[in-house]
Structures are given as structure tokens and as C-alpha cells.
Amino acid sequence: MMASLIEHGIRSPAVLQAMAGVPREEFVLDGDRERAYADRALPIDAPGQTISQPLMVAVVVEALELHRGDRALDVGTGSGYQAAVMAACGAHVVSIERVGSLAETAADRLRRLGYDVEVIAGDGTLGVPERAPFDAIAVGAAAPRLPVALARQLVPGGRLVVPISNGPNGEELTRLRVINGRWVTESLGPCRFVPLIGADGYEGADTG
Ligand code: SAH
């Protein structure tokens, strides 16, 4: 897995070290442990949800430009894997997940493995105002448009990395930075994520 990350252009020593250190097999279903380090997305314990492929996690976390001690928000905890990689880069991580059972399992797992991640169950499309501001925010599901509430919870110089829908062609991984009080966005390339469901996301059925 590490050779593949380097081959695909991941350069940050902190991100490579974090990816090498987080035990991915702890975040996948029991039957998938042998496949844990293949560069592919794998199912997690909720219908239609996945743990992102390692390269996509590395691309997103590298784009966050985390520094030791940064306050970071991860929207869409899923298995907790990406939150763990962010914490392994030295960030204090808050992670929010709309599916209650996933939030609970991920919180237990992250605590057991010793990662500095606070997991909250709820809709992350409006951010976590009571924990804001953040130096960096990652969204692990595809938004229909720029989630403005998240951008507003960034410090000056803060970074938001979010897949934004590009019509039927999938999504565009987008980075927004707060520079001199303005929002500056850039495209980091095409990607595919499950939909972000919530108040400023797509509509979806209620979950527990
Ligand atoms: N990064 C995760 C995978 C994320 S999959 C990992 O490493 O395992 C996307 C997750 O986003 C799913 O668990 C889904 O339930 C969650 N999600 C979707 N909409 C959300 C919202 N509005 N707020 C919080 N989580 C959301």
C-alpha cells in the first residue's frame, strides 16, 4: 500500500508516516482483514457505506496540510479510519457521523486504539459550531454544492477539502482556503464518494 501511495504522488512525510502507522485492518469488516491494504474502498457495517480507498484518504489528508496541534473536523466518520489518519498527523480531531450505530462503533474503536478523536453523532453538513473554529475540515461524502456553514467554521488560513457534485460525471475534489478574509477554491481532480445527506446536503431517509 505504501509503495502505491508514493507512486501516486503522496509526498508529505507526516501523511506517509500516518498511513504506515494506522492499522487499517482494525477498521474493516472481519471478512475483509486480508484485503485491508489493497488500494480499494471496502464495505463497512452500514448499507451502502464504505471505508474510502487508501489513496483517496491520503490525498484528502495531504490536502488538509495538517500541522501538529491543529484542530480538525472530519465529516462522515464511517469506520473512523480517516479520522485516525488525521489524528496520527498530530491533529486534535472532532468527527461527526449521521448514522448513530456507526458513530458508536467508531468511537469505541478509536478509543481502544488510542487516537485523539472525539466522535459526535449527528448531521455534519452544518459543521459543529460548538467546537469551531477549525484549522482544517475534511468531508468524506459528496456534497451537492459548497457547504457554506463548514467554510464559515475555518480560521484565517484554514482549509476545507470536500467532494462537490459535478452533475452526472461524479464529483470534483475541491479545496477551499481562507486567504485574507476571502474564500479561494481550487480543484484537486475528479473523485467518487457516497452522498452527503443532511440539512445542507442531499435528502435521505432518517437513520438511528
Ligand atoms: N472517511 C470514512 C468513510 C466515510 S463514508 C472512513 O474512513 O471510514 C461516508 C460517511 O459519511 C458515511 O458513514 C455516511 O453515513 C456519512 N455521512 C453522510 N452524510 C453525513 C452527514 N450529513 N453528516 C455526517 N456524516 C454523514
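Points worth noting:
- Accessible area per residue was computed with a 1.4 Å probe on protein heavy atoms; Tyr202 scores about 80 Å².
- For trypsin sites (Lys or Arg not before Pro), the sites in the stretch 1-37 that DSSP calls loop and that have at most 15 other Cβ atoms within 10 Å are Arg11.
- The stretch 119-197: C-alpha gyration tensor shape, a/c 1.5 cut-off, then a/b vs b/c: oblate
- Restricting attention to the stretch 2-191, close to 45% of DSSP beta bridges with both partner residues there are antiparallel.
- Only the Cβ atoms of Lys and Arg (+1) and of Asp and Glu (-1) were treated as charged; on that basis the dipole of the chain about its Cα centre amounts to roughly 540 debye.
- Helix-only arithmetic for the chain: the sum of -39500 (n - 2.57) across DSSP H runs with n ≥ 4, divided by the residue total, places the mean residue ellipticity at 222 nm at -7000 deg cm²/dmol.
- Extension gain for Arg11 to Arg40 (0.36 nm times residue separation, less C-alpha to C-alpha distance): 8.5 nm.
- Dividing the mean sequence gap of close Cα pairs (under 8 Å, 6+ apart) by how many residues the chain holds gives a relative contact order of 16 percent.
- Evaluated at q = 0.15, 0.18 Å⁻¹, the base-10 log of the normalised Debye intensity for the chain, with identical point scatterers placed on the Cα atoms, takes the values -0.88, -1.35.
- Between Glu118 and Ile179, the modelled label-to-label distance comes to 3.1 nm, taking each label 7 Å out from Cα in the direction of the beta carbon.
- Placing dummy labels 7 Å off each Cα toward the beta-carbon, the span from Glu186 to Met1 is 2.8 nm.
The values are calculated or read from the model by the stated rules, or taken from the named source; none is laboratory data. Since we're looking at a predicted model, the values are computed, not measured. Positions of Cβ are backbone-derived with ideal geometry, glycine not excepted, and every protein chain shown enters the neighbour counts. Ligands, DNA and RNA are excluded from the accessible area calculation, which covers all protein heavy atoms including side chains. Shrake-Rupley method; radii C 1.70, N 1.55, O 1.52, S 1.80 Å.
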